[in-house]
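Beneath this line is the structure, given in structure tokens, with notes to follow.
Bear in mind that the values in this text are calculations on the coordinates, not laboratory data. Please read all numbers here as calculations on a predicted model, not as lab measurements. All Cβ positions, glycine included, derive from the backbone under ideal geometry; neighbour counts span all protein chains shown.
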Amino acid sequence: MALPALLLLAAVASIESTAAVPGDTPPGNVVAQRSAVEKASRSRYRDLEVASLVVILVAGGAAIWWTFRRK
């Protein structure tokens with residue numbers, strides 16, 4: 001049960017963000033470049049937060065299931 005959760009975490013962590021990168025904006029537009037980099041990092045951290053929440057919930061559910069199944 002923990003193996004699928006770990007595989008999901010690895011898959012989400014390895015996904016590249018589809019947000020714009022600094023190379024997509026004109027060279028003189030520094031504000032747009034910084035905005036694009038910030039958006040990319042925010043979405044990446046949001047994905048990691050969701051993946052960690054899923055892992056925590058799955059591990060907690062497995063621990064509860066194991067406890068009641070053991071009796």
- Note on the structure: Short to long, in 10 Å steps from zero, the percent of alpha-carbon pairs of region 31-71 per bin is 26, 25, 20, 15, 9, 3, 0
- For the pair V30 and A11, the simple spin-label estimate (label points 7 Å beyond Cα toward Cβ) gives in nm 4.2
- Task: Could you go through region 54-68 in sequence order and give the Karplus-derived ³J(HN,Hα) for each residue, using 6.51 cos²θ - 1.76 cosθ + 1.60 with θ = phi - 60°, rounded to whole Hz, and x for Gly and Pro?
- Result: 4, 5, 4, 5, 5, 5, x, x, 5, 5, 5, 4, 5, 5, 6
